[in-house]
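Scroll down for the structure; my scribbles are underneath it.
The values are calculated or read from the model by the stated rules, or taken from the named source; none is laboratory data. Here the structure is a predicted model, which is why all the values come from computation and not from measurement. Note that we place each Cβ from the backbone using ideal geometry, even for glycine, and neighbour counts take in every protein chain shown. For the accessible areas, the whole protein counts, side chains as well, though only heavy atoms, and no ligand, DNA or RNA atoms are used. Shrake-Rupley method; radii C 1.70, N 1.55, O 1.52, S 1.80 Å.
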Amino acid sequence: MDYESLVKSIISQQELIIGPVAIEEANKVDGLNVSMDGEVVTLANDGKEILGNLVKQYASLFGRVSIEVCKEAVLSASPSFEKTNLPDILK
């Protein structure tokens with residue numbers, strides 16, 4: 001699974017809405033390190049878990065709207081991504 005591209009897509013969509021705060025918030029997720037230009041530097045451990053934690057990080061600040069933005073980002077980045085490989089928060 002290409003979790004890196006999904007993480008990048010989510011960060012990119014969030015950045016359109018909240019600006020550089022999107023990168024700051026992404027870097028608060030354990031196992032994820034993102035450069036200031038939005039590139040994923042490190043995606044350690046379980047990609048599915050990190051993806052879920054990233055969505056939860058945005059949701060903790062901006063609520064349900066952030067989750068919907070994340071779902072749209074995943075769908076546009078990889079429409080054929082197997083839903084069983086997604087964290088529950090994105091299903």
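Observations on the model:
- Of all residues in region 59-91, those satisfying the criterion of being surrounded by fewer than 19 Cβ atoms within 10 Å (Cβ to Cβ) and hydroxyl-bearing (Ser, Thr, Tyr) are SER60, SER76, SER78, SER80, THR84.
- Among residues of region 51-71 that are touching a residue at least 12 places away in the same chain (Cβ under 8 Å) and closer than 17 Å to GLY38 by Cα, those with a Cβ under 8 angstrom from a residue that is acidic (Asp, Glu) and open to solvent by less than 30 Å² (accessible area, probe 1.4 Å), sequence gap 6+ or separate chain, pair up as GLN57/GLU25; TYR58/GLU25.
- Residues of region 49-65 that are at pLDDT below 95 and in contact with a helix residue (DSSP H, G or I) (Cβ under 8 Å, 6 or more places away or on another chain): LEU61, PHE62.
- Residue count for region 19-58 satisfying the condition of being surrounded by fewer than 19 Cβ atoms within 10 Å (Cβ to Cβ), part of a loop (DSSP other than H, G, I, E, B) and touching a Leu at 6+ places or on another chain (Cβ under 8 Å): 2.
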